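**Q** Below are the structure tokens for one structure; questions will follow.
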Amino acid sequence: QVQLVESGGGLVQPGGSLRLSCAASGFIFSNSHMGWYRQAPGKQRELVASISIGRYANYADSVKGRFTISRDNAKNTLYLEMNSLKPEDTFVYYCNAVAPSTLRSWGQGTQVIVSS
């Protein structure tokens, strides 16, 4: 059974940092291109960062230079280091596969709130 369990979110002040983690199970994580997505209530989910099997990373313009995606295949875990956080980074964050890998069932996500 596929599981994606996100953690590490919380309330942080503008300019602060958070590190999100995603524990994956039920599929071959090391063979999957992975990404972090985020979603606001009533809005479409958007991809903000992705990392290939070969560890090539790509970022949305809105987070480039502030967020860093990484993976630990030995731990089947995906990470998102978020620095210089802004109020507009307030979303629920999810991890999942990215094309051409197969999208999996969504986890519960982790809420990030950036506010003073």
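**Q** Open to solvent by less than 30 Å² (accessible area, probe 1.4 Å), touching a residue at least 12 places away in the same chain (Cβ under 8 Å) and either within 22 Å of Leu11 (Cα to Cα) or part of a loop (DSSP other than H, G, I, E, B) (or both), is that true of Ser101?
**A** Details: open to solvent by less than 30 Å² (accessible area, probe 1.4 Å): yes; touching a residue at least 12 places away in the same chain (Cβ under 8 Å): yes; either within 22 Å of Leu11 (Cα to Cα) or part of a loop (DSSP other than H, G, I, E, B) (or both): yes.
It is true that Ser101 is open to solvent by less than 30 Å² (accessible area, probe 1.4 Å), touching a residue at least 12 places away in the same chain (Cβ under 8 Å) and either within 22 Å of Leu11 (Cα to Cα) or part of a loop (DSSP other than H, G, I, E, B) (or both).
**Q** What's the total number of residues in the stretch 63-116 that are of a type in the set (Gly, Ala, Ser) and closer than 14 Å to Arg19 by Cβ? Full working, then the answer.
**A** Residues of the stretch 63-116 of a type in the set (Gly, Ala, Ser): 65, 70, 74, 84, 97, 99, 101, 105, 107, 109, 115-116.
Narrowing further to those that are closer than 14 Å to Arg19 by Cβ: 70, 84.
Total meeting the criteria: 2.
**Q** In the stretch 9-61, which residue that is among the charged types (D, E, K, R) and in a strand (DSSP E or B) is surrounded by the most Cβ atoms within 10 Å (Cβ to Cβ)?
**A** Taking the stretch 9-61 and keeping what is among the charged types (D, E, K, R), we get 19, 38, 43, 45-46, 55, 61.
Subsequent filtering for residues that are in a strand (DSSP E or B) retains 19, 38, 46.
Details: Arg19: 14, Arg38: 23, Glu46: 13.
Of everything passing the filter in the stretch 9-61, Arg38 is surrounded by the most Cβ atoms within 10 Å (Cβ to Cβ).
**Q** All but one of (1) open to solvent by less than 80 Å² (accessible area, probe 1.4 Å); (2) within 14 Å of the chain's Cα centre (by Cα); (3) not β-branched (Val, Ile, Thr) hold for Gln111, so report the exception by its number.
**A** Checking Gln111 against (1) open to solvent by less than 80 Å² (accessible area, probe 1.4 Å); (2) within 14 Å of the chain's Cα centre (by Cα); (3) not β-branched (Val, Ile, Thr), the one that fails is (1).
**Q** I've got another one for you. Would you call Thr90 modelled with pLDDT of 95 or more, polar (S, T, N, Q) and touching a helix residue (DSSP H, G or I) at 6+ places or on another chain (Cβ under 9 Å)? Please lay out each step first, then the result.
**A** On the way: modelled with pLDDT of 95 or more: yes; polar (S, T, N, Q): yes; touching a helix residue (DSSP H, G or I) at 6+ places or on another chain (Cβ under 9 Å): no.
Considered against the rule, which asks whether it is modelled with pLDDT of 95 or more, polar (S, T, N, Q) and touching a helix residue (DSSP H, G or I) at 6+ places or on another chain (Cβ under 9 Å), Thr90 comes out as no.
**Q** Restricting attention to the stretch 73-97, and to residues there that are of a type in the set (A, V, I, L, M) and assigned to a strand (DSSP E or B), which single residue is surrounded by the fewest Cβ atoms within 10 Å (Cβ to Cβ)?
**A** So the first thing to find is which residues in the stretch 73-97 are of a type in the set (A, V, I, L, M), and the list is 74, 78, 80, 82, 85, 92, 97.
With assigned to a strand (DSSP E or B) added as a condition, the list becomes 78, 80, 82, 92, 97.
Details: Leu78: 26, Leu80: 26, Met82: 26, Val92: 18, Ala97: 20.
Residue satisfying both the conditions and the ranking: Val92.
**Q** While we're here: Looking only at the stretch 62-71, how many residues end up being open to solvent by less than 20 Å² (accessible area, probe 1.4 Å) and part of a loop (DSSP other than H, G, I, E, B)? Write out each step before concluding.
**A** Start the filter on the stretch 62-71 by keeping residues that are open to solvent by less than 20 Å² (accessible area, probe 1.4 Å), which leaves 63, 67, 69, 71.
Now drop any that are not part of a loop (DSSP other than H, G, I, E, B), which leaves 63.
Looking only at that region, the number is 1.
The values are calculated or read from the model by the stated rules, or taken from the named source; none is laboratory data. Please read all numbers here as calculations on a predicted model, not as lab measurements. When we count neighbours, we look across all protein chains shown, and the Cβ atoms used for this are built from the backbone with ideal geometry, even at glycine. SASA here: full protein model, heavy atoms, side chains in, ligands and nucleic acids out. Shrake-Rupley method; radii C 1.70, N 1.55, O 1.52, S 1.80 Å.
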